[in-house]
Amino acid sequence: MSKRTSLGIGLAGFGTVGSGVWNTLARNGPLITSRTGGGISLHVARILVRDPGKTRATCGEVPATLFTTDWRSLVDDPAVEIVVELIGGTTDAFDIVAAALRAKKPVVTGNKALLAERGVELFALSRECGTPIHFEAAVAGGIPIIRTVQDSFIGNRIRSFSGIINGTSNFILGRMTEAALSFEDALAEAQQLGYAEADPSLDVNGWDAAHKAIVLATLAYGFPIDPNAIHVSGIQQVKPADISFAKNLGYALKLLAVVREHADQAVEIRIQPSFIPKAHILASVNGVFNAVAVHGDTAGESLFYGRGAGQDPTASSVVADLVEAARALRHQGDHRGFLPYADSGRLVPVGDTSTAYYVRFDVTDRPGVIAEIARILADHRIGISGTHSPVNPSNPDADFVDMIFLLHTCPFGKLQAALDEIEKLDCINSTPVVFRIESLT
Ligand code: NAP
Ligand code: HSE
């Protein structure tokens with residue numbers, strides 16, 4: 001049996017996830033050591049925070065001497081062999097990761113914003129320095145989806161990912177439906193539970209899911225993806241009426257991420273609130289749970305389901321990466337940190353992507369409104385599968401009403417052109433709200 005060896009970690013960030021990593025190591029340290037094969041014991045050698053005086057609920061006491069507010073002293077500390085970046089954001093986090101790579105210290109991060117926005121620079125540096133970046137926690141919290149795509153699906157051409165990959169927005173949609181909470185109250189609960197980003201607008205505007213979709217697409221297709229070239233819309237416009245209307249029609253309303261390779265190998269990436277058939281398995285993914293359906297040309301479709309955010313599930317992924325990085329360091333093994341393998345690829349413009357749609361118009365209620373909207377849709381050769389105007393029970397004679405149109409499949413660009421025209425009608429009071437209706441076949 002090999003000798004026990006201790007390995008020091010620099011924990012940059014000791015918030016929800018960072019303290020979860022501490023707790024996991026405190027709770028399961030001996031178990032982890034016994035499973036590493038080489039008897040590697042992981043210990044936290046340094047912790048970076050903004051406010052060392054903050055009271056922190058942790059498993060066991062954290063020696064005050066471990067804390068620093070100077071990230072350089074963490075990265076440069078000879079006792080730190082692996083740097084775990086869990087501060088979030090794309091500025092200081094970038095500097096920490098870059099400095100660690102230059103110091104040949106493997107990096108573990110859960111920071112999808114950093115990877116999606118600045119991953120091209122960091123992965124180039126990772127390759128140049130021969131030092132890996134591990135990022136299992138960056139997508140879908142506790143679900144081991146990165147490893148699955150990198151290892152288990154290595155023999156597959158990935159046809160698509162589709163999934164629910166933001167726990168906070170899924171939690172909010174659920175709480176708005178089942179407990180009739182307001183959007184604001186549901187978000188406050190998600191923040192209190194440690195699900196939301198430090199800047200929660202990323203959760204509700206779709207960008208957190210977009211960052212994760214970019215990370216998945218980069219793994220699957222290997223080329224750098226410009227975040228400005230993908231289509232992202234979030235759940236800010238969802239009203240309880242949309243959720244109940246979806247339900248009545250046999251759908252669930254979810255923030256869906258779609259990454260799909262077309263026949264010409266161009267890649268479609270979009271994040272949008274979408275109507276999903278109630279019978280589809282993704283429709284029953286509720287609360288903070290995430291699910292990612294992966295379609296490989298060889299494996300066919302597989303579904304990965306689990307907690308997508310929160311302290312312990314995310315710490316579980318970080319610790320798995322830590323062990324992998326530690327094994328590679330101690331045993332000079334191959335690492336599975338990511339290296340891009342293609343220089344270029346093509347994205348599908350969102351205007352060329354097609355689904356059916358749910359469109360909500362805020363209209364002035366007068367005779368002829370439906371006909372005016374329908375005429376413009378017909379001019380653009382967009383078929384209508386249904387219309388509905390839910391009566392507001394508290395004000396049945398209201399002048400302004402929601403008018404819902406269900407539309408047949410057409411390219412998003414064509415719909416957008418029709419909606420631009422419809423929005424100019426006198427009877428339309430605000431920009432129409434569009435959700436996708438996905439068949440997910
Ligand atoms: P958090 O609770 O806000 O914790 C951030 C930690 O970093 C805090 O300890 C904070 O110090 C420290 N910090 C922030 N900026 C700093 C700076 N400039 N210099 C020094 N220290 C700084 O965040 P979190 O929820 O743990 O998330 C951390 C990362 O994990 C983010 O990239 C997030 O996207 C990702 N992630 C989070 C989850 C989740 O469920 N929460 C899941 C997956 C991935 P103080 O404690 O002194 O304020
Ligand atoms: N804020 C993120 C979410 C954390 O709610 O999914 C997990 O990445």
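The values are calculated or read from the model by the stated rules, or taken from the named source; none is laboratory data. All figures in this text were calculated on a predicted structure; none of them were measured in a lab. Every residue, glycine as well, gets a Cβ built from its backbone with ideal geometry; the counts of neighbours run over all protein chains shown. In case anyone asks, the SASA skips ligands and DNA or RNA and just uses the protein heavy atoms, side chains included. Shrake-Rupley method; radii C 1.70, N 1.55, O 1.52, S 1.80 Å.
See the values below:
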quantity	calculated
Selection count where residues are within 16 Å of ligand 2 (Cβ to nearest atom) and at positive phi, scope segment 177-198	1
Boolean, residue 72 is among the basic types (Lys, Arg), in the same structural domain as residue 15 (by TED's automatic domain parsing) and surrounded by fewer than 19 Cβ atoms within 10 Å (Cβ to Cβ)	yes
Within segment 80-100, considering residues that are within 16 Å of ligand 2 (Cβ to nearest atom) and not polar (S, T, N, Q), the one most open to solvent (accessible area, probe 1.4 Å)	87
Scan of segment 113-124 for residues that are open to solvent by less than 20 Å² (accessible area, probe 1.4 Å) and more than 10 Å from ligand 1 (Cβ to nearest atom), ordered by number	116, 119, 122, 123
Of all residues in segment 262-311 being in contact with a Ser or Thr (Cβ under 7 Å, 6 or more places away or on another chain) and within 13 Å of ligand 1 (Cβ to nearest atom), the one that is most open to solvent (accessible area, probe 1.4 Å)	311
Residue tally, condition more than 14 Å from the chain's Cα centre (by Cα) and either open to solvent by 50 Å² or more (accessible area, probe 1.4 Å) or on the phi > 0 side of the Ramachandran plot (or both), over segment 200-228	4
Members of segment 101-112 found to be in contact with a Leu (Cβ under 8 Å, 6 or more places away or on another chain) and surrounded by fewer than 24 Cβ atoms within 10 Å (Cβ to Cβ), listed by number	102
Scope segment 125-165; condition closer than 23 Å to residue 313 by Cβ and among the hydroxyl-bearing types (Ser, Thr, Tyr); matching residues	148, 152, 162
Residue satisfying condition, being out of contact with any helix residue (DSSP H, G or I) (no Cβ under 8 Å at 6 or more places or on another chain) and open to solvent by 60 Å² or more (accessible area, probe 1.4 Å), within set 15, 29, 53	53
Search result, residues across segment 110-142 that are of a type in the set (Phe, Trp, Tyr) and away from ligand 2 (no atom under 16 Å from the Cβ)	123
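Each row is one residue, and each column tells you yes or no for (1) closer than 17 Å to residue 216 by Cα; (2) assigned by TED's automatic domain parsing to the domain that holds residue 41; (3) of a type in the set (Val, Ile, Thr).
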| residue | (1), (2), (3) |
| --- | --- |
| 267 | yes, no, yes |
| 273 | no, no, no |
| 283 | no, no, no |
| 301 | yes, no, no |
| 316 | no, yes, no |
| 320 | no, yes, no |
| 327 | no, yes, no |
